[in-house]
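Everything below concerns the one structure shown next.
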Amino acid sequence: MADDQWPPAKIKVGNSAIEVKFTSGKIDLPRQVVLDWISNAARAVAEYFGRFPLPHPRIEVQPAPRAHGVFGGTTWGYRGGFTRISVGQRTDRQELDNDWMMTHELTHMAFPDIEGEDNEHHWLEEGMATYIEPIARCQIGLLNPERVWGEMAQYMPEGQPQYGDRGLDNTHTWGRTYWGGALFLLLADIKIREQTHNRKGLQDAMRAIVQAGGDIREDWPIENTLKTGDRATGRTVLMDLYNQMKSTPVQTDLNDLWRRLGVAVVNDKVVFNDNAPLANIRKAITAPRNQ
Ligand SMILES: [Zn+2]
């Protein structure tokens with residue numbers, strides 16, 4: 001082990017043991033602060049999905065000389081699940097507190113690799129990580145709901161189809177992959193809750209997929225994945241929405257959606273309207289869940 005290399009660590013989350021390794025290089029923060037950052041991300045994912053999805057995943061942290069912040073996260077399913085991520089040497093505590101990437105990467109562990117001939121369903125993998133990451137952090141108190149909904153209101157327009165769009169399966173732009181996918185899941189979450197009097201949500205569907213063995217070590221067809229989620233809610237929202245949006249550009253009236261959820265941005269501040277028709281659904285989405 002090189003002089004400037006931190007020793008490995010094991011992070012326990014429920015029944016899972018996450019093995020963390022550092023490549024050589026310096027990070028100015030204490031090692032424990034970096035481990036706490038990983039542990040928080042893992043707890044958020046475990047809360048959302050009901051448990052941490054993999055028993056013995058590995059994380060490799062690569063210190064980046066003189067850099068600030070977290071970047072370059074990638075997650076693979078091979079050999080029990082593996083995330084590689086870079087942390088700049090000069091990263092401060094606040095940057096780790098504000099980081100979304102670690103949670104995003106670990107969220108990928110809780111969803112199968114969606115089979116496709118040409119990676120055409122990648123939007124579902126990125127969309128679910130984009131949508132769930134802030135909600136999971138909010139559910140364990142690391143983000144407040146104002147921030148979650150404020151960022152959704154800010155970025156969701158990136159997910160709308162642009163000129164020439166041919167639906168989510170056929171349009172591989174950055175906006176449609178990350179935010180188009182996130183918008184698909186937000187719409188699904190709301191529809192499931194509308195159809196079940198807010199007793200079920202996307203979270204039930206996502207937990208059922210993990211329970212059925214659908215984690216990143218597995219390759220699943222998209223229909224199996226969505227139908228497994230639908231069975232848990234007793235509705236067909238995911239498949240119906242997929243059939244509507246897969247090869248057709250569907251515009252969403254986002255202003256109307258925020259109004260119905262009771263989310264407004266006034267002078268750069270997020271203001272909630274608890275009398276809005278979907279206010280209870282908005283609250284349920286970010287609320288901590290009892291098992
Ligand atoms: Zn991702």
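No lab work stands behind these numbers, since they all come straight from the coordinates. Bear in mind that the values here come from a model prediction, so they are computed numbers and not experimental data. Cβ atoms come from the backbone with ideal geometry, glycine included; neighbour counts cover every protein chain shown.
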Selection within region 182-200 - within 16 Å of the ligand (Cβ to nearest atom) and surrounded by fewer than 24 Cβ atoms within 10 Å (Cβ to Cβ): 185
Residue within region 210-232 that is among the basic types (Lys, Arg) and crowded, with 19+ Cβ neighbours inside 10 Å present: no
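Would you point out which residue out of 129, 182, 153, 188 is free of Cβ contacts under 8 Å to residues at least 60 places away in the same chain, in contact with a helix residue (DSSP H, G or I) (Cβ under 7 Å, 6 or more places away or on another chain) and under 16 Å from residue 258 (Cβ atoms)?
Values: 129 fails: under 16 Å from residue 258 (Cβ atoms); 153 fails: free of Cβ contacts under 8 Å to residues at least 60 places away in the same chain; 188 fails: under 16 Å from residue 258 (Cβ atoms).
None of the others qualify; the one that does is 182.
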Of residues in region 152-183 being within 20 Å of residue 115 (Cα to Cα), part of a helix (DSSP H, G or I) and not aromatic (Phe, Trp, Tyr), the one farthest from the chain's Cα centre (by Cα): 176
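Restricting attention to region 253-284, which residues are on the phi < 0 side of the Ramachandran plot and crowded, with 18+ Cβ neighbours inside 10 Å? Outline the logic, then answer.
Applying the first criterion (on the phi < 0 side of the Ramachandran plot) to region 253-284 yields 253-261, 263-266, 269-284.
Within region 253-284, 257, 258, 261, 263, 270, 278, 281, 282 qualify.
Which ones in region 231-256 are among the aliphatic types (A, V, I, L, M) and either touching a residue at least 24 places away in the same chain (Cβ under 8 Å) or in contact with a His (Cβ under 8 Å, 6 or more places away or on another chain) (or both)? So that I can check it myself, show each step before the final result.
Taking region 231-256 as the starting set, the residues that turn out to be among the aliphatic types (A, V, I, L, M) are 232, 237-239, 241, 245, 250, 254.
232, 237, 238, 241, 245, 250, 254 - these are the residues of region 231-256 that are among the aliphatic types (A, V, I, L, M) and either touching a residue at least 24 places away in the same chain (Cβ under 8 Å) or in contact with a His (Cβ under 8 Å, 6 or more places away or on another chain) (or both).
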Sole exception among (1) closer than 19 Å to residue 112 by Cα; (2) buried (at least 20 other Cβ atoms within 10 Å of the Cβ); (3) out of contact with any Lys or Arg (no Cβ under 6 Å at 6 or more places or on another chain) for residue 76, by number: (2)
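Considering only strands (runs of 3 or more DSSP E) fully contained in region 36-151, which possess at least 3 residues that are more than 16 Å from the ligand (Cβ to nearest atom)?
Hits in region 36-151: 58-64.
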Which numbered condition residue 94 fails, given (1) farther than 21 Å from residue 7 by Cβ; (2) surrounded by 14 or more Cβ atoms within 10 Å (Cβ to Cβ): (2)
